[in-house]
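Colleague: Dropping the structure in here first, questions after.
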């Protein structure tokens, strides 16, 4: 398209120049020769791109490849953005998985409680300065068991029938998780189903 635009612009400039030259030439026998010369210049201007096109000077193949390259770059940009989005999702997913494992290990080590269901909510926007910050933690002790460190004995936690020596404090667990992960205490929920 640029080629065609330049060609038409060149023809218009030559036509305007020829009109000005024709007006400047005095009306004499010289005017006939001036018109012939101006006509030849206009014809050459019109025919030159066509002749060079027929000789192969105007490389359409190069234009096609240029456009194809541009389209592929657009596709590559889109694919790149999609890959980055998927990578970010995988990073967030893996981070949450490791966070859950870490919380489970911390509860097991500090309170000897195993099989706790944990779900976490974090700041997932990688552009945010608080990326990865724990927003909410939900601990479910539905299938939890107390593991004795000395004997390795496993006892199911029964909330209604806890003995004084088997009793554990949910508030202490909440405070520990809150302090370690810098999460607000009100955002740590313990479900005792």
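Colleague: As an exercise: evaluate residue 91 against (1) modelled with pLDDT of 85 or more; (2) more than 30 Å from residue 119 (Cβ to Cβ) and give the number of the one condition it does not meet.
Modeller: (2)
Colleague: Can you list residue pairs whose Cβ atoms sit under 6 Å apart, with the first residue in region 3-28 being on the phi < 0 side of the Ramachandran plot and outside the structural domain of residue 40 (by the TED database) and the second being modelled with pLDDT of 85 or more and assigned to a helix (DSSP H, G or I)? Count only pairs 6 or more apart in sequence or on different chains.
Modeller: So the pair list comes out empty.
Colleague: For region 9-24, what are the residues that are at pLDDT 85 or above and either more than 30 Å from residue 62 (Cβ to Cβ) or surrounded by 12 or more Cβ atoms within 10 Å (Cβ to Cβ) (or both)?
Modeller: Kept after step one, since they are at pLDDT 85 or above, are these residues of region 9-24: 9-20.
Of everything in region 9-24, those that are at pLDDT 85 or above and either more than 30 Å from residue 62 (Cβ to Cβ) or surrounded by 12 or more Cβ atoms within 10 Å (Cβ to Cβ) (or both) turn out to be 10, 11, 14, 15, 16, 17, 18, 19, 20.
Colleague: Let me ask something else. If a residue has to be assigned to a helix (DSSP H, G or I) and either in contact with a strand residue (DSSP E or B) (Cβ under 9 Å, 6 or more places away or on another chain) or touching a residue at least 40 places away in the same chain (Cβ under 8 Å) (or both) to count, how many in region 77-125 make the cut? Lay out the reasoning, then the answer.
Modeller: Kept after step one, since they are assigned to a helix (DSSP H, G or I), are these residues of region 77-125: 77-111.
Narrowing further to those that are either in contact with a strand residue (DSSP E or B) (Cβ under 9 Å, 6 or more places away or on another chain) or touching a residue at least 40 places away in the same chain (Cβ under 8 Å) (or both): 92, 95-96, 99-101, 103-104, 106-108, 110-111.
Final tally of qualifying residues: 13.
Colleague: As an exercise: evaluate residue 140 against (1) within 19 Å of residue 187 (Cα to Cα); (2) modelled with pLDDT of 90 or more and give the number of the one condition it does not meet.
Modeller: Unmet condition: (2).
Colleague: What tally of residues in region 25-42 results from selecting those that are surrounded by 11 or more Cβ atoms within 10 Å (Cβ to Cβ) and within 60 Å of the chain's Cα centre (by Cα)? Talk me through it step by step, then tell me what you get.
Modeller: As a first pass, look at region 25-42 and keep what is surrounded by 11 or more Cβ atoms within 10 Å (Cβ to Cβ): 25, 31, 33-35, 37-39, 41-42.
Next, from what is left, pick out any that are within 60 Å of the chain's Cα centre (by Cα): 38-39, 41-42.
Going through region 25-42 one residue at a time, the tally reaches 4.
The values are calculated or read from the model by the stated rules, or taken from the named source; none is laboratory data. Worth saying up front: this structure is predicted, and the values here are computed from it rather than measured. Ideal geometry is used to build each Cβ from the backbone, glycine not excepted, and the neighbour counts take in all protein chains shown.
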